[in-house]
Amino acid sequence: MAYYISNIARSKGDPKVLHSGPSSLGAADRLAKALGWYSIGLGIAELVAPERFTRALGMEGKEGLVRAYGVRELGHGIVSLSPDKHLGLWSRVAGDGLDIATLMTAMRHDNPKRNNVGIALAAVLGVTLLDIIGAQGVTARHSRPRGRPRSYRNRTGFPQGVQASRGAAKDFQVPPDMRAAPTLAAVSDRAPQERARSH
Amino acid sequence: MRALVWHGKEDIRCDTVTDPEIEQPRDAIVKVTSCAICGSDLHLFHNFIPAMLPGDVMGHEMMGEVVEVGSEARGKLKKGDRVVVPFTIICGECDQCKRGNFSVCQTTNRKKDLADKVFGHATAGLFGYTHLTGGYPGGQAEYLRVPFADATHIKVPDGIPDEKVLFLGDIFPTGWQAAVQCDIQPTDTVAIWGCGPVGQMAIRSAVLLSAKQVIAIDHLPERLEMAEAGGAITINFDEESVVERLNELTGGEGPEKCIDAVGMEAHVSPSMPDTVYDRAKQMLGAESDRPHILREMIYVCRPAGVISIPGVYGGLVDKIPMGQLMNKGLTIRTGQTHVNRWTDDLLRRIEEGQIDPSFVITHTVSLEDGPEMYKVFRDKQDSCIKVVLKP
Ligand SMILES: [Zn+2]
Ligand SMILES: [Zn+2]
């Protein structure tokens, strides 16, 4: 486990994990993470070995397109694994649409790999369903619900009220190392050189 | 004991862990009675600050009761003392501590070699804040080991509720120092970006320190309402231009003093194209921070003015307008907070009723609900501004 390795960085009196409890990651977040890594994996495969995809699908000559889709997949993955994962998953849904449209062009009667294309289509449709569930899930989990926020109108922080508190800490002496004046202090009649000396 | 433990990006869990033990004669163990989630914990939550390891205990805002004291801390602390723990660990003896520059204490960072390499020179040890600052376990837990405990504590009297003094450990002195290092004059306009907990404390501090007007900038209605309650004029950046409005409120001259209480994760919106650019670079690992606020402050600040940065930055930023900064002769002041430099004075102000920092608390929950509250706080759901946890 990762803890055993990271425990090397800890001293003997530091707390060490015995067992784990509830996490801040919800089910939708875990799904987003899985789909994000899936995008990265698929993207790398499309970039590195596009001919495997084109050959299996009877789409020889479209390697450039597959590579471009690989770059796109990497983009989906990076965003899906970031805190803005809802954007990543919705972008995946859009990408699924593009994948489906592209596969449909290969569903021609004269394509000897028609069966493979059918399998690929079914797979993409399945993943699309997961993407939609995940995208809706993380959007619901992380968005700010509409409606009136709570009112903090009375949270002044000043037991004596705001007006009485303006300048209440004027007894405070700004330490010399934190002074910025007189650069923007109120302008007086004295020459700046004189003020600099008296400071 | 139970503790909130970092396991990876956005993965914080309420785990059962071994109890902390005294290691050094200057250590003490504190039974935590209250702790809080800080905005800077969210940078760790997002894994935007390097050097977190799975199994790290989170939290740097905590207070409680001393239950065990090492032999060399005994003169200053005893069992049963009620203490707030500052997030900066200090020795109290090195040259920097003697100057009051506690957050750059030369002694307390136990990963000094690593920090020297990354920062050039190591800074103080911090609780629950990555291995660059010592990798010390944090206080979102039932018990906390406090290293250098004879210096690293703020004693608080009984009879004053936790909620009123808890924030002496971080956000109150952080907002205060942000305002103090502006050297506010009675003629000054102080503009504060970000109405999170530190922004709220900076607003109150600027009001107490006699600013002519305090202007607060955010876009969440509940946070702007709380800022207004504290005496600020508010600007909602979703609805109006920050630069235009600031100039309007200062007779076209710009605010003399600007405070960045946002830091590395500025809000991203297509209406501010630089934030989209930063977000994209951040995802690709080509930039670690989103410095939109810095750019805006440098642009709008009055020449010869002061820019004060309590907001946390983690690494590298891009497109900082050095030309504007240099030609306008601006002063930049920043740093982690020298907590203990201010706390005696601030505790007195709380006791005298000048300020009650508990106004900022919007949620109080148990430690078990902590992981979920990280999410609620991050997503700003349920009008959440400040979460206090009760272990
Ligand atoms: Zn903090
Ligand atoms: Zn020191």
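The values are calculated or read from the model by the stated rules, or taken from the named source; none is laboratory data. Just so it is clear, the model here is predicted, and its values are computed rather than measured. Here the Cβ is made from the backbone with ideal geometry for all residues, glycine too, and neighbour counts use every protein chain on show. The protein model used for the area step is the full one, side chains on, heavy atoms only, and it has no ligands, DNA or RNA in it. Shrake-Rupley method; radii C 1.70, N 1.55, O 1.52, S 1.80 Å.
Would you call B:ARG290 open to solvent by less than 40 Å² (accessible area, probe 1.4 Å), among the basic types (Lys, Arg) and modelled with pLDDT under 95? Answer is yes for this residue.
Considering only residues in region A:15-30 that are within 7 Å of another protein chain (Cβ to nearest Cβ) and charged (D, E, K, R), the one that is farthest from B:ARG145 (Cα to Cα) turns out to be A:ASP29.
When the residues of region B:50-63 are filtered to those that are of a type in the set (A, V, I, L, M, F, W, C) and surrounded by fewer than 22 Cβ atoms within 10 Å (Cβ to Cβ), the one that is farthest from ligand 1 (Cβ to nearest atom) is B:LEU53. Is it the case, given these coordinates, that B:GLY252 is farther than 25 Å from B:LEU347 by Cα, at pLDDT below 95 and either away from chain A (no Cβ under 14 Å) or part of a helix (DSSP H, G or I) (or both)? Judged against the criteria, B:GLY252 is not a match.
The set of residues from region B:111-140 being outside any loop (DSSP other than H, G, I, E, B), under 23 Å from B:CYS38 (Cβ atoms), within 15 Å of ligand 2 (Cβ to nearest atom) and not aliphatic (A, V, I, L, M) comprises B:GLY125, B:THR133, B:TYR136. Whether any residue in region B:30-48 is farther than 21 Å from B:LEU166 by Cα, facing chain A (nearest Cβ under 8 Å), touching a strand residue (DSSP E or B) at 6+ places or on another chain (Cβ under 9 Å) and not in a strand (DSSP E or B) is what I want to check. Yes: one or more hits. What residue, among those in region B:200-244 that are in contact (Cβ under 8 Å) with a residue 12 or more places away in the chain, assigned to a helix (DSSP H, G or I) and away from every other protein chain (no Cβ under 12 Å), is farthest from A:PRO159 (Cα to Cα)? Selected residue: B:VAL243. Before we move on, is B:GLY159 without any contact (Cβ under 8 Å) to a residue 60 or more places away in the chain and within 16 Å of ligand 1 (Cβ to nearest atom)? No; evaluated as a whole, the condition is false for this residue.
Among the residues examined, B:ALA3 qualifies as more than 25 Å from A:ILE78 (Cβ to Cβ), surrounded by 24 or more Cβ atoms within 10 Å (Cβ to Cβ) and away from ligand 1 (no atom under 16 Å from the Cβ). Taken over region B:293-312, residues that are part of a loop (DSSP other than H, G, I, E, B) and open to solvent by less than 60 Å² (accessible area, probe 1.4 Å) amount to 7. When B:ARG99, B:ARG110 are checked against the criterion of being away from ligand 1 (no atom under 14 Å from the Cβ) and either touching a helix residue (DSSP H, G or I) at 6+ places or on another chain (Cβ under 7 Å) or closer than 28 Å to A:VAL17 by Cα (or both), a single residue qualifies: B:ARG110. Regarding B:LEU144, is this residue over 15 Å from B:THR343 (Cβ atoms) and open to solvent by less than 10 Å² (accessible area, probe 1.4 Å)? Against the criterion (over 15 Å from B:THR343 (Cβ atoms) and open to solvent by less than 10 Å² (accessible area, probe 1.4 Å)), B:LEU144 qualifies.
Taken as a whole, the condition of being within 22 Å of B:PRO137 (Cβ to Cβ), in a loop (DSSP other than H, G, I, E, B), within 13 Å of ligand 2 (Cβ to nearest atom) and touching a strand residue (DSSP E or B) at 6+ places or on another chain (Cβ under 6 Å) applies to B:THR108.
Listed by first and then second residue, the pairs with beta-carbon distance under 7 Å, at least 6 apart or on different chains, first residue in region B:162-183 and on the phi > 0 side of the Ramachandran plot, second away from ligand 2 (no atom under 16 Å from the Cβ) and assigned to a helix (DSSP H, G or I), are B:ASP183/A:MET178. Hey, could you check region B:141-158 for residues that are part of a loop (DSSP other than H, G, I, E, B) and farther than 18 Å from B:ILE22 by Cα and say which is nearest to ligand 2 (Cβ to nearest atom)? Selected residue: B:VAL156. For A:THR128, the criteria (1) part of a helix (DSSP H, G or I); (2) within 14 Å of chain B (Cβ to nearest Cβ) hold in every case but one, which is (2). Scanning region B:175-196 for residues that are outside any loop (DSSP other than H, G, I, E, B) and either open to solvent by 10 Å² or more (accessible area, probe 1.4 Å) or among the hydrophobic types (A, V, I, L, M, F, W, C) (or both) returns B:TRP176, B:ALA178, B:ALA179, B:VAL180, B:VAL190, B:ALA191, B:ILE192, B:TRP193.
Going by the structure shown, is B:VAL66 away from ligand 2 (no atom under 16 Å from the Cβ), open to solvent by less than 10 Å² (accessible area, probe 1.4 Å) and within 14 Å of another protein chain (Cβ to nearest Cβ)? Criteria not met by B:VAL66. Annotation: of all residues in region B:1-29 being over 29 Å from B:LYS78 (Cβ atoms) and in contact with an Asp or Glu (Cβ under 7 Å, 6 or more places away or on another chain), the one that is farthest from the other protein chains (Cβ to nearest Cβ) is B:TRP6. Can you tell me which residue is most open to solvent (accessible area, probe 1.4 Å) among those in region B:262-287 that are more than 14 Å from chain A (Cβ to nearest Cβ) and of a type in the set (Gly, Ala, Ser)? Among those residues, the one meeting the criterion is B:SER271. Only a single item in (1) under 30 Å from A:ARG108 (Cβ atoms); (2) surrounded by 20 or more Cβ atoms within 10 Å (Cβ to Cβ) is not met by A:GLU60, and it is number (2).
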